Amino acid sequence: MTGLGPEAWDAVRLSLQVSLVATMASLPLGILVAWALARKSFPGRQVLNAAVHLPLILPPVVTGYLLLVAFGRQGPLGAMLYETFGITLAFRWTGAALAAGIMAFPLMVRAIRLAFEAVDPRLESAAGTLGASKLQVFTTVTLPLVAPGVIAGSILAFAKAMGEFGATITFVSNIPGETQTIPSAIYAFLQVPGGENAALTLVAISVGIALAALALSEWVGARVATRIRGA
Amino acid sequence: MTGLGPEAWDAVRLSLQVSLVATMASLPLGILVAWALARKSFPGRQVLNAAVHLPLILPPVVTGYLLLVAFGRQGPLGAMLYETFGITLAFRWTGAALAAGIMAFPLMVRAIRLAFEAVDPRLESAAGTLGASKLQVFTTVTLPLVAPGVIAGSILAFAKAMGEFGATITFVSNIPGETQTIPSAIYAFLQVPGGENAALTLVAISVGIALAALALSEWVGARVATRIRGA
Amino acid sequence: SEITVFAAASTGPALRQVAEAWEEETGNAATIAPAGSSVLARQIAQGAPADVFVSANVDWMDWLEERRLIVPGSRRVLMQNCLVLIAHGPAEIAPVSLTADYDVARHLAEGDRLAMALVDAVPAGIYGKQALTSLGQWEALASRVAQADNVRAALALVALGEAPVGIVYATDAAAEPRVHVLGTFPDSSHDPILYPGAVTAEAAAPAAAEDFLDYLSSDAGHAILESHGFGVPE
Amino acid sequence: MSLEVAIRHRLGDFALDVDFDAPAGVTVLFGRSGSGKTSVVNAIAGLLRPDAGRICLSGRTLFDEAQGIDVPVHRRRTGYVFQEHRLFPHLTVRENLLYSRRVTRQRGPGDLVETARLLGIEALLDRRPGALSGGEAQRVAIGRALLSEPDILLMDEPLAALDEARKAEILPYLERLRDRAGLPILYVSHNLAEVARLANHLVLMEAGRVMQAGPPGDLLSDPALVNILGLREAGAVIPARVTSHAEDGVTELAVSGGRLFLPRIEAAPGTALRVRILAQDVMIATEPPRGISALNVLPVEIASLRYGGGPGVTAQLRSGGDMLLARVTRRSAEALNLAEGTRCYAVLKSVAVAPTDIGGPG
Amino acid sequence: MSLEVAIRHRLGDFALDVDFDAPAGVTVLFGRSGSGKTSVVNAIAGLLRPDAGRICLSGRTLFDEAQGIDVPVHRRRTGYVFQEHRLFPHLTVRENLLYSRRVTRQRGPGDLVETARLLGIEALLDRRPGALSGGEAQRVAIGRALLSEPDILLMDEPLAALDEARKAEILPYLERLRDRAGLPILYVSHNLAEVARLANHLVLMEAGRVMQAGPPGDLLSDPALVNILGLREAGAVIPARVTSHAEDGVTELAVSGGRLFLPRIEAAPGTALRVRILAQDVMIATEPPRGISALNVLPVEIASLRYGGGPGVTAQLRSGGDMLLARVTRRSAEALNLAEGTRCYAVLKSVAVAPTDIGGPG
Ligand SMILES: Nc1ncnc2c1ncn2[C@@H]1O[C@H](COP(=O)(O)OP(=O)(O)OP(=O)(O)O)[C@@H](O)[C@H]1O
Ligand SMILES: Nc1ncnc2c1ncn2[C@@H]1O[C@H](COP(=O)(O)OP(=O)(O)OP(=O)(O)O)[C@@H](O)[C@H]1O
Ligand code: MOO
Ligand SMILES: [Mg+2]
Ligand SMILES: [Mg+2]
């Protein structure tokens, strides 16, 4: 229809899958880490904070290379995952999701952390006096109040995951149907003279998807915000 | 000293310069855009929001390519800038700063926007009744209260700028001493046999700088937060 | 005078060493800017301040030539390369010349991947696909290829043992101790691997640029290029 | 100086529809929780844009829906003390107090040190609002509004969080403000002692509407409003004039119906005052009482007797040109044979006319 | 049920060092703004961890620095009504009210509908806190704490934002809570009428320390505390028993010094009550007054006369086994020749013993 071959459509499907899984799977950890960084002081807090930011600081290829070394089949973590759970990440779409998730993680955590820092701790104390355990305070008061930040963080992460290229291709290569995401396909098109049009079509699709997600998140975010402001 | 040649040290200096300039120069616009997105409803708000997020969604090479087409000396904006102001961005460190700034912009804006959304509008009304114009309310109440978000956004942007590679090399190439930032230099080292060690040294330097900035921002942020909590 | 050389990334270090020798001899200065050939070609089309372009493949040089962006007559082949099949680990047997009888797939266990550069986009990948096709093995292997974004990344996959075998340039294989060469693909199995160079149409110092290319084609230049594993034109 | 408010506005199910004028001095908005007091104040400050109507302050139109006038908040010069303090958390107490000066670059007559001393917050100047107690924060908020040199002070239950002693210190200061330069004050309160003391004008609100408005003397001594205001708080506010100070600390006042003796009032002879006499503090005697500690006995005539459902009777007593209110039991009224026109005596203990119930002339 | 508090804590320059026991019933913490009341309540709720000391509730140790005991907030079962309402902005009023039930999965005897009706918030159940007026929000906060079925209610000036009518509705409910099942209540207040009505025990705080603690009857009629409590608020709280209800709506009470006649009180004959008689509502007569509307005249003996700096005198009057307080002017005291031991009559208007000043036996 658009002059794109079936491989390109595979890439679209795969990118969606990878980005969604990366965002969803990293969300619980992202919330936990954001909360710990915003609220707790513990030994290693600064180390955790640094680790979270690393993927942002490092050139993506370096992150991809480190992932390869750690999570590849020969890597210590990769071997352990394979032997213990039978999970292989290298050259799999799951590895692409891991790479995208890690690259997007700092964005997700920062957004959620800011939201945690904005929650009025007096509301949490009030919940405590009403009999809510720490965990209940968290789930019934804190979490609903950070919802806008969680939405913002998730959409940032999703957008980043849709666009991630360097770490992904370095870690899981480009295997059509398995690890060839939209950015990999775009990159390939751009390497050859005359590939620009196909690349631009894919760019348009990618942008369309991400903007739809963005619009959805704005809409949900606005609804959540009005609820919290309380009209 | 570390086995790095003068070119590599040039890259370190240049990366610092590019990242700092990119962060500082985009900060005013970032604050403005974040404020508009958080507080105003205007026609084109969704378009602005989408535009801000685009660099996140697009693979970096695509962003770089679009920048090259727009701001290259043949590009419409590049030609205009050159003819009107005598400014050339393409293949200059200023172009690298533009690329880094654009790539970091969504991160900066999101962080600041969340902070704006968390400011209690009742404090702003109170300032209004005390005679503060909208602008004064903004500078004397809103801005100080969003300071933690501004710090968070700036450090995210700085870290991202330090790690930015794809858009930069695509837009301004990899000219040592002019546009070769740390990530580009790492790329160059990784393209050649035996370059890994030099690449790792650069990675370490880059990480060190970004983590120092991160620690500084955490420290400043904590101080600002205590001030605002008011102990 | 000073020139800027836009060099395909894989040629960067060799060119830098040549540049140093050239600078010593002529008192000129050369800055080597390494990046992908496609990136560099597009940048030259956008007015990049390059005096010399060294491409890793012929297509992008053709593309510039069609657009009259290089100085006619300055184009020449600077160096050549060979394509090899490599495996992880130290050498066990001497390299062979690869023929249709050589079953590449036997190195791949269930789930293993053959590391190559992007087979439709990056020169090393394109040449590799041609070679496997002419050896009649592409059909069988196509679905088992892990395509890296550049040939160095393919090399890294094999070096780390993530892929047991891969297809890279001889120059890459020579410098990586964690891999060994199983065999060399015959020149006839793929288009010649040529690195063309030319002076750009907008070169600020065309004379020096021409001189640099000449130096690359001189014996002194050839010696350096060969020390990096490149072949040189007769 | 006067304030004219005539606005309509909907907030969900709640309909605000008020129309009142506030003359110079203190106008108290009085009404139950949720009756719309804060909404009215917000409209005057420009924080709520009414659906329709007009707001004028001293001839200046702040808002006119029909004419499309809507003066921005910061040009309205309203000093607003909010129901919640709304201090700026990032500024110290001192910076909060000086905020208005900083933004308007005007230095009015108000003095930081004096204001802080009055409010008892001198020791807190370098703290931030997070480190203040509830009452301290509210006092800082009052100081911040006072120091903004406004054209009108809007005070939304400003003293609710304060103890009596502190209130007793702040009220005279508000009175001085009211009297000096005629700064108009719109004051939301639940407390009729405050109302009686401060108000020149009283606006009673109920369910978004103005029930009744007028001088507090009239309203507070209106037997019809006794139930709305609460039995304990009904009473008369009558004008008086200081005549002399005796050596034993008693001040003599002239009222239209005779003389009153009060614990020393710091006001020069000749000063006009208002005194509040709660209905429950007035006894009725048919003969002049003797041997009793009450210093104040006024001859009165019963103007009306209003029997409620309960055991109480509200008597309106004509004393010279003024009306007093008295609450007596039905049993007493019968025992004393009280009827309209009966001439009798109003007995009030001197200390029952308490210092906090004495206000300037307004 | 009783509460023992003995804690020390530093907050910046402020040093808290309090030690008091609160018996069953209502204990009122009374003190000026900034005296440390909220800090004490926070310590009991577990929101402030004292530097040292002990807190026990009904034999349960909530905190003991020495033994390292610090029961977590949510296990302390304290129902806390905060000075600022602290409603959850993301929940509706109904969800706020039911919050405690949701997290503890316990359904106590408290009923949502009944509580909401009592507090006048039935119509607001589906709103969010952002759409409430100041007083409405405070009422929801009270309801939320009540419905949490706590072992103790901690109330930090809960009624300050409410109008008299609303207070008059809520106070009896708090009294019922206090009396039913003996729910102890720690109540921070500036308002002595509330204190007198509710308190079984009064703790006077000043600058972080307990100045005096004891039964409100003793403290409020202690002439030495008149200055601290405020002149207008001093008075006695004495026990009484309902003897009969007359047809004209007057209820007769027996006190140790004689009989009192009050507007009808809804309590069966025999019920024990406390009545509050403000010093300023008591007149002293040397002979039994006649022809006067005051129904209540008690023979008394002057136990002490305390001359202050001003024109007033505080007289302590022995009436049977109780002490009354009276404020009279120095001039009257001299005119009537009052001295310690003088036998005379205390004259009080029946309606001066107002309904809000009558509490159960506690
Ligand atoms: N973080 C802090 N640093 C220094 N002083 C503080 C801090 N928090 C509170 N204080 C001081 O502690 C004292 C007690 O405060 P607390 O809130 O307990 O007073 P309160 O009796 O409840 O007063 P109010 O009636 O005004 O609410 C106050 O003087 C206050 O200024
Ligand atoms: N956003 C809203 N939606 C619906 N109703 C609202 C909204 N905001 C306020 N109200 C209602 O408007 C009415 C007036 O509120 P307002 O704050 O003016 O009352 P108030 O007289 O100041 O009360 P209080 O003495 O309790 O502070 C209240 O009944 C309140 O419930
Ligand atoms: O040097 Mo290249 O651009 O990897 O073929
Ligand atoms: Mg209000
Ligand atoms: Mg307090």
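Structure data summary
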| read-out | value |
| --- | --- |
| Convex hull volume per residue in cubic angstrom - Cα atoms of the range C:75-157 | 131 Å³ |
| Alpha-carbon centroids, the range B:143-193 and the range A:182-206: separation in whole Å | 24 Å |
| Backbone N within the range C:197-234 under 18 Å of label point (7 Å from C:A91 Cα along the Cβ vector) | C:227-231 |
| Selection from E:N200, C:M116, E:F88, by position along the positive dipole direction of the protein assembly as shown (Cβ) | E:N200 |
| Axis-proximal residue, chain D, for the rotation superposing D on E (Cβ, Å) | D:A160, 2 |
| Pseudo-label separations to other copies for E:P23 - Cα-to-Cβ vector, 7 Å, nm | 5.5 |
| Shape call, the range C:145-234: gyration tensor on alpha carbons, a/c limit 1.5 | prolate |
| Cβ-derived FRET efficiency at R0 25 Å, A:L32 paired with A:A79, nearest 0.05 | 0.45 |
| Stretch in chain E that is longest and holds no GluC sites (Glu not before Pro) that DSSP places in a loop and that have at most 13 other beta carbons within 10 Å | E:1-246 |
| Sorted peptide list for E:34-46, A:151-163, C:130-142, C:79-91, criterion being average Cβ within 10 angstrom, highest first | A:151-163, E:34-46, C:79-91, C:130-142 |
| Per-copy distances of the B:S41 label point, shortest first, in nm (7 angstrom along Cα→Cβ) | 4.3 |
| Cα-Cα separations in the range D:3-214 greater than 24 Å, expressed as whole percent | 40 percent |
| Phi-based couplings in Hz for the range A:122-129 (Karplus 6.51, -1.76, 1.60; Gly and Pro marked x) | 5, 5, 5, 4, 4, 4, x, 5 |
| Whether chain E is rounded, prolate or oblate, judged on the alpha carbon gyration tensor where a/c under 1.5 counts as rounded | prolate |
| Euclidean distance of C-alpha centroids, the range B:51-116 and the range D:268-309, integer Å | 84 Å |
| Pairwise label distance in nanometres, D:S304 with C:S227, each label 7 Å out on the Cα-Cβ vector | 11.8 nm |
| Computed magnitude of the charge dipole of the range A:152-231 (debye, nearest 20; Cβ of K, R +1, Cβ of D, E -1) | 480 debye |
| C-alpha long axis of helix A:6-39 to longest principal axis of chain A, angle in ° | 30 degrees |
| Long-range HN-HN contacts of E:V210 with modeled amide H, under 5 Å | E:D19 |
| Whichever lysines have a C-alpha closer than 25 Å to that of A:K160, once near sequence neighbours (fewer than 8 apart) are set aside | B:K160 |
| Relative contact order (%) - the range A:6-226, alpha-carbon pairs under 8 angstrom, separation at least six | 31 percent |
| Cα→Cβ-extended label distance, 7 Å offset, between C:A207 and E:R107, nm | 10.0 nm |
| Percent breakdown of C-alpha pair distances by 10 Å bin, ordered from the shortest bin, for the protein assembly as shown | 1, 8, 14, 16, 14, 11, 9, 8, 7, 5, 4, 2, 1, 0, 0 |
| Label spacing, shortest first and in nm, from E:R107 to its equivalents in the remaining copies (7 angstrom along Cα→Cβ) | 6.8 |
| For chain E, calculated [θ]222 nm from helices alone, where every DSSP H run of n ≥ 4 adds -39500 (n - 2.57) | -6000 deg cm²/dmol |
| Rel. contact order, % - alpha carbon contacts under 8 angstrom, at least six apart, chain D | 16 percent |
| Cα centre as origin, Lys/Arg/Asp/Glu Cβ charges: chain D dipole, Debye | 480 debye |
| Residue (of E:A160, A:L89, B:F42) at the positive-pole extreme of the protein assembly as shown, dipole from beta-carbon charges | E:A160 |
| Cα centroid separation - the range C:86-150 against the range D:75-151, whole Å | 78 Å |
| Furthest towards positive pole of dipole, C:S189, C:V168, C:S143, structure part chain C, Cβ charges | C:S143 |
| Label-to-label distance, nm, for residues given as C:D120 and C:Y102 (7 Å Cα→Cβ offset) | 2.7 nm |
| FRET E, pair A:L20, A:A222, Förster distance 25 Å, beta-carbon r, rounded to 0.05 | 0.65 |
| Percent of Cα pairs exceeding the 14 Å cut-off, where the set is the range C:1-51 | 51 percent |
| Rounded FRET efficiency, nearest 0.05, which uses the C-beta distance separating B:D120 from A:L135 and R0 of 30 Å | 0.60 |
| Alpha-carbon gyration tensor eigenvalues x 5, square-rooted, for chain B, Å | 35, 23, 13 |
| Chain B, rotation onto A, residue closest to that axis via Cβ, with its distance in Å | B:A118, 2 |
| Folded to 0 to 90 degrees: helix A:93-118 orientation relative to chain A principal axis, Cα | 30 degrees |
| Dipole moment magnitude, nearest 20 debye, chain B about Cα centre, only Lys, Arg, Asp, Glu C-beta charged | 800 debye |
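All of the numbers you see were taken from the coordinates with simple rules; none came from a lab. Since the model is a prediction, treat every value here as computed from it, not as a measurement. All Cβ positions, glycine included, derive from the backbone under ideal geometry; neighbour counts span all protein chains shown.
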